[in-house]
Amino acid sequence: MTGYIVQLDKSRPPFFIAPAKVPLRRWLINIVLFFCINVLNNHAFSYDISVPVHIILRSGGSITTMIAGYLYGKRYARLQAIAVIFLSVGVVLAAWSDAQDKIVLQRDSGRPAFNSGLIILLVAQVLSAIMGLYTEATYRQFGPHWRENLFYSHMLSLPLFLPFVPSMMRNFKSMMHSNILTLSIPWANSSIATPFPSQLAYLAINVLTQYACIRGVNVLAAKSSALTVTIVLNIRKLVSLLLSIWLFGNSLARGTLFGAIIVFGAGALYSFGSAPKQDSGGKKVVYVKQE
């Protein structure tokens, strides 16, 4: 809806949408990738993957982005490559450590295998790398029209959700009958009951934060390379990981926690590798590379 306000053109009935600055056929590929990536990332939760591990594994997208970029003809600084290698090692360590903890649990549960969830996330990361590079190429060719991308990627992907309507309706009805949201007031030692079902309130908060996140990602993608976007998102995932552990009491195995430290430390190392250097006279030296 916010995207439609930006694209509104009252002189173009019946849909009143301003002419697209990027050919729609170009956006269609983005839309399919966008839809598949989000569905796969959410479907992975059906395979006994916790939220912290989900965050860590998705932080490994930089290695797939760098490999895809290299095949696409890009070249990266040595420190950037080292940072991505360390990041990949951290992801593997975190996944392997968590998988060891899951082996015992899976023997006593009927849930799908943890390894299947890893494969789904891997496919999603490959598609995400392709989409990032494709979006970067689109912005380079037609200009950084991120608002147009934001609008069409959401509006034209809605029909793809039609097969999921029955499932979504069942979940929405379940949310409608969830417990009433109660707000605690620590300093008053009391609580206030609201008229809203708790799960609908959480859904509304999720929608607002998703909007802020996706809008920010599109702004960043219009100004930076696909790999830089992926690394910056890793830092954002660190905040999500810490909040998940603190707010919801999620625990991490020692190896998984060590892997997480490596992942986000590598993100910091990448930022040093991407910073402009200075010569002996104090002037900035910018290395020109295909990025």
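What to note about this one:
- Of all residues making up the stretch 39-54, the number that are outside any loop (DSSP other than H, G, I, E, B), touching a residue at least 40 places away in the same chain (Cβ under 8 Å) and either open to solvent by less than 20 Å² (accessible area, probe 1.4 Å) or among the polar types (S, T, N, Q) (or both): 6
- Of all residues in the stretch 182-203 being of a type outside the set (A, V, I, L, M) and part of a helix (DSSP H, G or I), the one that is least open to solvent (accessible area, probe 1.4 Å): S198
- No other residue among A94, A20 is crowded, with 21+ Cβ neighbours inside 10 Å and in contact (Cβ under 8 Å) with a residue 40 or more places away in the chain apart from A94.
- The set of residues in the stretch 138-181 that are touching a helix residue (DSSP H, G or I) at 6+ places or on another chain (Cβ under 9 Å), within 26 Å of V6 (Cα to Cα) and open to solvent by less than 40 Å² (accessible area, probe 1.4 Å) comprises T138, Y139, W146, E148, N149, L150, F151, Y152, S153, S157.
- Per the listing L238, L227, L220, the residue uniquely surrounded by 11 or more Cβ atoms within 10 Å (Cβ to Cβ), closer than 22 Å to L150 by Cβ and in contact with a Gly (Cβ under 9 Å, 6 or more places away or on another chain) is L227.
- Of the residues making up the stretch 77-113, those that are farther than 19 Å from H54 by Cα and either modelled with pLDDT of 75 or more or hydroxyl-bearing (S, T, Y) (or both) number 9.
- Any hit, the stretch 29-38, residues being polar (S, T, N, Q), in a loop (DSSP other than H, G, I, E, B) and farther than 20 Å from I235 by Cβ: no
- When L242, L252, L227 are checked against the criterion of being aliphatic (A, V, I, L, M), within 14 Å of the chain's Cα centre (by Cα) and at pLDDT below 85, a single residue qualifies: L227.
- Residue within the stretch 204-217 that is part of a loop (DSSP other than H, G, I, E, B) and surrounded by 15 or more Cβ atoms within 10 Å (Cβ to Cβ) present: no
- Filter result (surrounded by fewer than 22 Cβ atoms within 10 Å (Cβ to Cβ), assigned to a helix (DSSP H, G or I) and under 23 Å from the mean Cα position of the chain (by Cα)) within the stretch 70-81: Y70, L71, A81
- Residue, farthest from G90 (Cα to Cα), within the stretch 241-263, restricted to residues that are outside any loop (DSSP other than H, G, I, E, B) and open to solvent by less than 50 Å² (accessible area, probe 1.4 Å): S244
The values are calculated or read from the model by the stated rules, or taken from the named source; none is laboratory data. On a predicted model such as this, the values are computed, not experimentally measured, just so you know. Because the Cβ atoms are built from the backbone with ideal geometry, glycine has one as well, and the counts that use them run over all protein chains shown. All accessible areas refer to the heavy atoms of the entire protein, side chains included, with ligands and DNA or RNA removed. Shrake-Rupley method; radii C 1.70, N 1.55, O 1.52, S 1.80 Å.
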